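Notes follow the structure.
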């Protein structure tokens, strides 16, 4: 008499393989391979979601730092106008000094040349 495992085309090996898939042999003998695989897939999904969230947070932080840098180094039109007016007044004063020195030199040369 032959058993199902020894007959050609028998299902004995597939039954053993099926039993192996549900036996607690993974995770130190506490979980089946299917449970361990399910946990692994869940863990990968959770980590992927956390990483995606982390990337979003880091991008937002980078944008915020960029905006802070731009606001600190940005050009204030009011401040630039005040500086422009200050430089214009200084230029006018320097022009007046040069004009006065020129008049004084002309008068001095005129008096010496007589």
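Brief remarks follow.
- Among the residues of the range 23-76, those that are loosely packed, with under 10 Cβ neighbours inside 10 Å and outside any helix (DSSP H, G or I) comprise 28, 29, 74, 75, 76.
- A residue that is in contact with a helix residue (DSSP H, G or I) (Cβ under 7 Å, 6 or more places away or on another chain), at negative phi and without any contact (Cβ under 8 Å) to a residue 40 or more places away in the chain can be found somewhere in the range 34-41.
No value in this document is a laboratory result; all are computed from the given coordinates. Note that the structure is a prediction, hence the values are computed from the model and not measured. When we count neighbours, we look across all protein chains shown, and the Cβ atoms used for this are built from the backbone with ideal geometry, even at glycine.
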